[in-house]
1. Roughly how far apart, in whole Å, are the Cα centres of the stretch 319-334 and the stretch 146-193?
2. I want to check the label-to-label distance for residue 317 and residue 419. Put each point 7 Å from Cα in the C-beta direction and report it in nm to one decimal.
3. At what distance in nm do the modelled label points of residue 175 and residue 189 sit from each other, each positioned 7 Å from its Cα along Cα→Cβ?
4. At 0.36 nm per residue, and after removing the present C-alpha to C-alpha distance, how many nm does the segment from residue 229 to residue 471 gain when stretched out fully?
5. Please order 169, 292 by the number of other Cβ within 10 Å, starting at the fewest.
6. In nm, to one decimal, how far is the modelled label at residue 440 from the one at residue 212, with both set 7 Å along Cα→Cβ?
7. Considering only DSSP beta bridges with both partners in the chain, what is the antiparallel share in %, to the nearest 5?
8. Using a Förster distance of 51 angstrom, determine the FRET efficiency expected from the C-beta separation of residue 276 and residue 149, and round it to 0.05.
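No value in this document is a laboratory result; all are computed from the given coordinates. From a predicted model like this one, the values you see are computed outputs, not experimental measurements. FYI the Cβ positions are ideal-geometry reconstructions off the backbone, even for glycines, and counts take in every protein chain you see.
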């Protein structure tokens, strides 16, 4: 949404609308007209990018059963009745997302073991085949309801590239060796029906996340995209070769490279993360790319002190990332035009550990302290946009957001501040902006801030230029 003067003054006390300087770039009028051909996000991608921070919850039958292999890689079909978490409460889970300031949350509806944590008859390995809660439980439904009560957008993750019940490993049955077999065809139909159940039963979802992607029919996999598009037309799909509404950033360490663009090369049908054109630039994107696929930066909360675990294991409470580390990751993900999603564990009893909730709450409070209330903020169109502060004062951050509904237009920019003596001083300069770019600098007293687009491929459209005093 473009922020006009009235909205801005209502939302941000003391802020003053800036002045947009007419666009004077040397690019031709024809090039400006051709900006309509720029890759742009769908409405679902816009919603997802505005969410900025998410939490993904990992729980599966092996955890409930006490099988604590690294990141849940348990190649063992278990008795479903070993699923009996005594204190599972999805409202308690969502406390962690609320505490972190997350706007969306994801649940592993089924993970590598293939156990379905919803009511399903597709094969006898679901909550329906347990004595837990008399076989009537549906954790997916509970999770979605908890999200909606908390004002958080729900999403679902499930795996078709590993499913121990069906001996799927590396996308194909018989531990990766069964491509093209009758058993593979049977599993493909199961995967399609799983997709239909999860996409059709629980209302609108912010996204469906196929772990490590899902193979297409041409690759010997299930035909899931039409099912998703039928039941979740306003959701984000992640991902297969036909469609990748966002991309993995290429690491699980909590950072994107810089600069980081939301566009990638190719078009539908050739957007695989493993393609030669994509793999080397997952961390940066491609400023000349023709396909909109912004970065997703993921990290397990328990990823410090020699641990890197998306799932709960006894004795790892010490492994949560520090507050300073999480804040740094925020700057290097959200502040670099990406989403930031934090992996949260659920313990054997079905609870999120209180220590994790406390750490996420520290993170949420610190991000709110730094960026919850700007000193001043403005929107504008043009090569230069100026922001006048209510009074001269010290600031240490400037946050820029483009109106990405019109595409990424800025290629290089400079930020200057009007310092005492009526002199413009350079505060920062950089390349990509996109959804959000956070610039941090030593505290300096300014009366105005000016954003200059040094190079753009179409008329710059600034959704927000905001100044903050976070470190002073």
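1. Their Cα centres are 31 Å away from one another.
2. 4.9 nm
3. Each label point is offset 7 Å from its Cα along the Cβ direction, giving 2.7 nm.
4. 82.6 nm
5. Ordered by Cβ neighbours within 10 Å, fewest first: 169, 292.
6. Output for this residue pair reads 3.5 nm.
7. 60 percent
8. 0.65
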